[in-house]
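Input: one structure, supplied below.
The values are calculated or read from the model by the stated rules, or taken from the named source; none is laboratory data. Computed from a predicted model, the values in this text were never measured in an experiment. With ideal geometry, Cβ positions are generated from the backbone for all residues, glycine too; neighbour counts draw on all protein chains shown.
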Amino acid sequence: MRLKKLYFFLFISFGSYSFAQQVKKAPNSKPKLVVGIVVDQMRNDYIYRYWDRYGDGGFKKLVNKGFYLRNAHYNYVPTITGPGHASIFTGTTPRVHGIIANDWYDKASDKELYCVKDEKVKPVGTDVKSRGRSPVNLLSTTIGDELKLCSNGKSKVFGIALKDRSAIFPAGHAADAAFWYDDSTGYFISSSWYVKELPTWLNEFNAKQLPKTYLQKGWNTLKPIETYTNSIADNNTYEKAANKKATPTFPYEYSNYLIPGKYGMVKETPYGNTITKDMAIACLKNEKLGKDEFTDLLTISFSSTDIIGHEYGPRSVEIEDVYLRLDLELEEFIKTLDAEVGVNNYVLFLTADHGVAEVPNYLKDNKIPADYFEEKKLEKQLREYFLKTFNDEKILIGCFNQQVFLNESNLDKINRQYVEQKLCDYLVTIDAIAEAYPSSVLKNGSFEGRDVKALMQNGYNHQRSGNVAYELKPGWMDHKKTGTTHGASYSYDTHVPVIFYGNGIEKGSSLNYYKITQIAPTISDLIKINYPNGCTDDPIEKVLSK
Ligand code: ZN
Ligand code: ZN
Ligand code: ZN
């Protein structure tokens with residue numbers, strides 16, 4: 001009897017002890033701040049290729065001390081900026097979140113629509129009229145939205161980028177603010193969707209005129225140019241200088257761009273990333289992020305890597321230099337987080353919104369199949385096709401983002417499925433085109449994994465997308481003859497680094513296939529909030545500490 005009592009006593013006390021521990025531990029174990037970093041147009045191989053050139057405090061620190069997914073991919077097309085940023089932070093694809101491209105043909109208004117355009121709101125912080133921007137077209141919640149709901153509004157959520165869409169989609173609908181760069185003034189601005197006026201600290205930040213200071217420095221290589229052996233020669237026919245210099249060669253100078261109205265040039269230099277980091281640090285400090293028990297979210301997208309990548313391509317000295325410099329910006333930012341928020345108080349993830357293709361002419365010169373294609377020319381060709389085949393060229397509305405939009409009222413007269421299928425049969429006779437599928441396949445099919453049809457279906461929104469989707473052959477693109485672009489279903493555009501680092505993250509790496517849409521549920525689980533409401537994927541258990 002006595003023994004039983006003793007056992008009972010021990011059971012009660014140990015039981016309550018461990019429960020008390022858990023209760024005590026739970027709130028403290030949650031990160032005080034989540035930082036989501038997107039590098040615009042960063043292919044996974046940039047981690048490997050420049051590894052020996054990176055310092056110890058930037059990319060290397062994240063990889064060595066965090067969890068690195070080495071085989072993470074976009075699981076939809078098109079692999080471009082608007083959909084990329086939306087998918088990272090919603091945990092789903094354009095099929096659900098609705099951001100099917102940067103610009104798309106809007107059936108209701110019969111006009112092209114920019115993904116963050118919103119005429120019902122006004123810009124805040126600039127005099128430029130008619131540039132209302134908001135997340136109104138984003139159909140599902142983001143990590144930040146759920147954080148706001150979960151904390152009854154007490155969590156702070158901010159998004160920062162040079163590009164408006166790269167600040168707005170990561171921040172989400174319920175954020176305190178998204179801030180982006182206004183080309184004409186060189187200021188970071190916002191929208192009446194979020195704020196009535198810019199915070200005082202931001203007016204002070206803008207008053208410093210940092211774009212001018214940075215442009216005055218010009219752009220030369222960080223290290224001696226002869227050490228850039230990861231890249232092809234600086235002067236080559238695959239690049240075009242953004243400042244209209246006759247040769248695409250270092251050093252670049254910007255004395256013609258030092259006046260308001262021309263500060264947009266800073267985006268085409270590595271200083272675009274510098275000013276983004278400066279802005280992120282200013283926001284972190286002034287908004288006191290990560291200081292209380294309510295987890296905050298700061299999203300940062302580095303846009304200049306993309307803008308420079310488009311002009312010079314992935315083999316250029318210019319892009320190597322941008323990454324070496326971005327590595328230093330990351331180092332400074334991580335040090336600031338350690339000092340301001342505390343080493344163990346934040347979790348950070350870094351990824352990219354898409355990769356990038358090689359310059360087709362460069363591939364051709366290396367005997368690798370690739371070429372150029374023009375969607376506007378295809379449109380002309382299709383008008384002739386519809387006239388010849390159906391005696392009605394007005395069936396075609398147009399081609400946008402590798403989708404063909406047809407006139408629904410004209411299709412009433414002819415069998416829709418028949419027209420779509422015949423069009424697909426025709427499209428695959430065109431040299432540039434690899435595959436084409438009608439809407440019935442994308443609406444009703446069931447495809448898995450990395451099948452191009454699965455990627456098309458995940459990118460296919462039933463209300464917003466077109467009648468037929470097509471994919472080009474690998475290496476082909478719609479782009480001018482210098483520089484390059486992205487948007488395809490192939491690994492050069494889908495394969496991006498995903499690195500988690502900080503509070504709650506295991507150390508390690510994995511070569512298993514993971515999808516970009518797994519980031520949001522992983523972070524949501526870590527900070528114990530609902531997954532974004534359209535989330536279609538699972539968290540990655542391996543990444544999270546036991
Ligand atoms: Zn992008
Ligand atoms: Zn060059
Ligand atoms: Zn781009």
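Test of understanding: among Phe169, Phe188, which residue is surrounded by 22 or more Cβ atoms within 10 Å (Cβ to Cβ) and away from ligand 1 (no atom under 16 Å from the Cβ)?
Working: Phe169 fails: away from ligand 1 (no atom under 16 Å from the Cβ).
Unique residue meeting the criteria: Phe188.
Next question. Kindly indicate whether any position in region 140-148 is surrounded by fewer than 24 Cβ atoms within 10 Å (Cβ to Cβ) and within 30 Å of Ser439 (Cα to Cα).
Yes.
Considering only helices (runs of 4 or more DSSP H) fully contained in region 261-363, which possess at least 1 residues that are farther than 20 Å from Ala175 by Cα, modelled with pLDDT of 95 or more and more than 16 Å from ligand 3 (Cβ to nearest atom)? Break it down into steps so the answer makes sense when it comes.
On the way: elements: 271-286, 304-312, 317-340.
So the answer is 271-286, 317-340.
Table: residues versus (1) at positive phi; (2) modelled with pLDDT of 95 or more; (3) in a helix (DSSP H, G or I); (4) loosely packed, with under 13 Cβ neighbours inside 10 Å.
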| position | (1), (2), (3), (4) |
| --- | --- |
| Trp201 | no, yes, yes, no |
| Glu204 | no, yes, yes, yes |
| Thr221 | no, yes, no, no |
| Glu226 | no, yes, yes, yes |
| Ser231 | no, yes, no, no |
| Asn235 | no, yes, no, yes |
| Ala241 | no, no, no, no |
| Pro248 | no, yes, no, no |
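List pairs: first in region 255-271 and touching a residue at least 60 places away in the same chain (Cβ under 8 Å), second surrounded by fewer than 18 Cβ atoms within 10 Å (Cβ to Cβ) and outside any loop (DSSP other than H, G, I, E, B), Cβ under 8 Å, 6+ apart or cross-chain?
Every condition considered, the pairs that remain are Tyr263/Lys212; Tyr271/Lys217.
Just to be sure, is Glu197 surrounded by fewer than 22 Cβ atoms within 10 Å (Cβ to Cβ) and acidic (Asp, Glu)? Let's see the steps before the verdict.
Details: surrounded by fewer than 22 Cβ atoms within 10 Å (Cβ to Cβ): yes; acidic (Asp, Glu): yes.
For Glu197, the condition - surrounded by fewer than 22 Cβ atoms within 10 Å (Cβ to Cβ) and acidic (Asp, Glu) - is met.
Restricting the search to region 131-145, which residues are of a type outside the set (Lys, Arg), part of a loop (DSSP other than H, G, I, E, B), out of contact with any Asp or Glu (no Cβ under 6 Å at 6 or more places or on another chain) and closer than 22 Å to Pro199 by Cα?
In the first step, residues of region 131-145 are kept if they are of a type outside the set (Lys, Arg); the result is 132, 134-145.
From what is left, the residues that are part of a loop (DSSP other than H, G, I, E, B) are 132, 134-142.
Filter once more, keeping what is out of contact with any Asp or Glu (no Cβ under 6 Å at 6 or more places or on another chain): 135, 137-142.
If the condition is that a residue be of a type outside the set (Lys, Arg), part of a loop (DSSP other than H, G, I, E, B), out of contact with any Asp or Glu (no Cβ under 6 Å at 6 or more places or on another chain) and closer than 22 Å to Pro199 by Cα, then Pro135 is the only one that fits.
Quick one: Thr305 ticks every box in (1) in contact with a Lys or Arg (Cβ under 6 Å, 6 or more places away or on another chain); (2) within 16 Å of ligand 1 (Cβ to nearest atom) bar one, so which box is it?
(1)
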